[in-house]
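The values are calculated or read from the model by the stated rules, or taken from the named source; none is laboratory data. Because the structure is a prediction, the values reported are computed rather than measured. Positions of Cβ are backbone-derived with ideal geometry, glycine not excepted, and every protein chain shown enters the neighbour counts. Accessible surface areas use protein heavy atoms only, side chains included; no ligands, DNA or RNA. Shrake-Rupley method; radii C 1.70, N 1.55, O 1.52, S 1.80 Å.
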Amino acid sequence: FHIENNDNPVIMIAAGVGIAPMIGFLADLQKRPRPAWLFFGNSNRNGGYHYQNQWEKALSDGVLTHVNAVFTEEHKGYYVQDEFFRNGQEVFDWLMNHHAMIYVCGRTNSVGKGVNEALVEIIKAHGKMTRQQAEDRVNQLKADNRIRMDLFG
């Protein structure tokens, strides 16, 4: 699980300890700047916002374009995939018009399934496609290695 050596924008989505591989992406993003967006979710902010100082510094230094952090204790029933979906228009633009790479790390049954479903819904809505067409597009993006998932549990 590593960041591609190209100029494509990067969207990183992680929950809990799934954030660990993403911190390694910062050095690559500093060497090869490009738009980069982090979506992070965990149960609580105190003790659960892993690498918070590094993400905030990367944002202030311009290494990251956006950081969206979600903590379910603050926003009951609202998860990282919900925040990802809420930003669907811009995510769609990055993905389809700017050839963004998406990296997802976390639990299979929560983040993996949730992000996959959000991607299908984003592409369906903003690409004006049927559900089957959107699912096919997501599967093609995965086959093209534009969507990479490192899932566990």
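Give the residues of region 103-144 that are open to solvent by 80 Å² or more (accessible area, probe 1.4 Å) and touching a residue at least 24 places away in the same chain (Cβ under 8 Å), sorted by residue number. If the condition is that a residue be open to solvent by 80 Å² or more (accessible area, probe 1.4 Å) and touching a residue at least 24 places away in the same chain (Cβ under 8 Å), then Arg107, Asn109 are the ones that fit.
Give region 35-64 a look and list any residue that's touching a residue at least 40 places away in the same chain (Cβ under 8 Å) and assigned to a loop (DSSP other than H, G, I, E, B), or say none.
Initial filter on region 35-64 (touching a residue at least 40 places away in the same chain (Cβ under 8 Å)): 35, 37, 39-41.
If the condition is that a residue be touching a residue at least 40 places away in the same chain (Cβ under 8 Å) and assigned to a loop (DSSP other than H, G, I, E, B), then Pro35 is the only one that fits.
The residue that is most open to solvent (accessible area, probe 1.4 Å), counting only those in region 56-98 that are of a type in the set (A, V, I, L, M) and under 19 Å from Glu117 (Cβ atoms), is Met96.
Scanning region 15-34 for residues that are open to solvent by less than 60 Å² (accessible area, probe 1.4 Å) and either aliphatic (A, V, I, L, M) or not in a helix (DSSP H, G or I) (or both) yields Ala15, Ile19, Ala20, Met22, Ile23, Gly24, Leu26, Ala27, Leu29, Arg34.
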